[in-house]
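Student: My questions all concern the structure below.
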Amino acid sequence: IILARTYALNHLGRHRNEGFDLCSTTHCQVYRETIDTQSEVQAIVDRAQESTRNIVVTHKNRPIDAVFHANCGGATSPSSSVWGGESPPYLSGVNDPYCVSTDNSSWTFSVSREELRATLNTTARTAIGDQLTLVRIVQHDNAGRVTKIQISGSQELVLRGEQLRSVIANSFGWAAFKSSRFSVTEQDGQFYFTGNGFGHGTGLCQIGAMARASAGHDFAEILRAYYPETDLSETQTDNRLSE
């Protein structure tokens, strides 16, 4: 609840040119209307909203970019590793033993050379041309996510792992290529990707956060663990964000 509120406040106006603030898809925050307002889950959500009313996560008195993901696989990454640019202090990456002890979410994905070439050619940033000859990891960050991967063929490209993940996921689904924490091999014209974790790997890890809550950590401890150098602050918001 606190993260959803913080993220929304940080991104207000994202769709201003279209006449609204935020959309209900993964571009902003996924929202689905509650069907059973009397359910046990809804009751828990209502209590959480009320007990944390107006609380947001801040850095230097400003709401943070409160990104989160499903499963970090044991360590989160700096936002710079995933999206480029400079990482704010609160998105510098942390080790997460609670995720490791709960579920590593190992995954595999295989794709033929021709399928991968066609997939890469679906966007200008990853277009490789008529030939694909090599996919080679050049660099990982400290959390094990791929920060540089060489793609060779008719063109020579160096991509971040998240860029490769995004273009593949757009064609095969996000559950097929789950994270940028992977290795790759090639045999007989087939590429095999093996990795762990699910999601971009920056900010709060939901699997780890649930494990911390089960271990007795309160929400303030959990948020500080994933977003160092932040505070919890009360903010005066309009009715859209007051809950």
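Student: Where in the range 18-68 are there chymotrypsin sites (Phe, Trp or Tyr not before Pro) that are in a DSSP coil and have at most 14 other Cβ atoms within 10 angstrom of their Cβ?
Tutor: Phe20, Tyr31
Student: Provide the net charge surrounding Phe182, with neighbours chosen by a C-beta distance below 14 Å and charges set as Lys +1, Arg +1, Asp -1, Glu -1. Walk me through the numbers on the way to the answer.
Tutor: Working: positive: Arg136, Arg145, Lys148, Arg160, Arg165, Lys178, Arg181; negative: Asp141, Glu162, Glu186.
For residues surrounding Phe182, the net value is +4.
Student: What translational diffusion coefficient, to the nearest whole µm²/s, does the range 1-93 have by Stokes-Einstein, given a Kirkwood radius computed over alpha-carbon pairs, a temperature of 37 °C and 0.692 mPa s viscosity? Write out the running numbers ahead of the final one.
Tutor: Details: Rh = 15.4 Å.
Roughly 213 µm²/s, to the nearest whole number.
Student: Still on this structure, please answer the following. Scan [x] 57, 44, 39; [y] 78, 44, 33; [z] 61, 36, 29 for the value of Cα extents along the principal axes in Å calculated from this model and give just the label.
Tutor: [x]
Student: For the range 72-82, just list the computed ³J(HN,Hα) in residue order, Karplus coefficients 6.51, -1.76 and 1.60, θ = phi - 60°, integers in Hz, with x standing in for Gly and Pro.
Tutor: 8, x, x, 7, 8, 10, x, 4, 5, 5, 8
Student: Work out, in µm²/s and without decimals, the Stokes-Einstein translational diffusion coefficient of the range 44-133 at 37 °C, 0.692 mPa s, Rh from Kirkwood over C-alpha pairs.
Tutor: Result for D is 189 µm²/s.
Student: Another question, if that's okay. Using only DSSP helix segments of four residues or longer, with each worth -39500 (n - 2.57), what per-residue ellipticity at 222 nm results for the chain after dividing by its residue count and rounding to 500? Don't skip to the answer; put the middle values down first.
Tutor: Working: 8 runs with 69 residues, N = 243.
Calculated from helices alone, the mean residue ellipticity at 222 nm is -8000 deg cm²/dmol.
Student: Report Trp107's accessible area, 1.4 Å probe, all protein chains in place, as a number in Å² to the nearest 10.
Tutor: Its accessible surface works out to 20 Å², give or take rounding.
The values are calculated or read from the model by the stated rules, or taken from the named source; none is laboratory data. Note that the structure is a prediction, hence the values are computed from the model and not measured. Heads up, the Cβs are rebuilt from the backbone with ideal geometry, glycines too, and the neighbour counts pull from every protein chain shown. Ligands, DNA and RNA are excluded from the accessible area calculation, which covers all protein heavy atoms including side chains. Shrake-Rupley method; radii C 1.70, N 1.55, O 1.52, S 1.80 Å.
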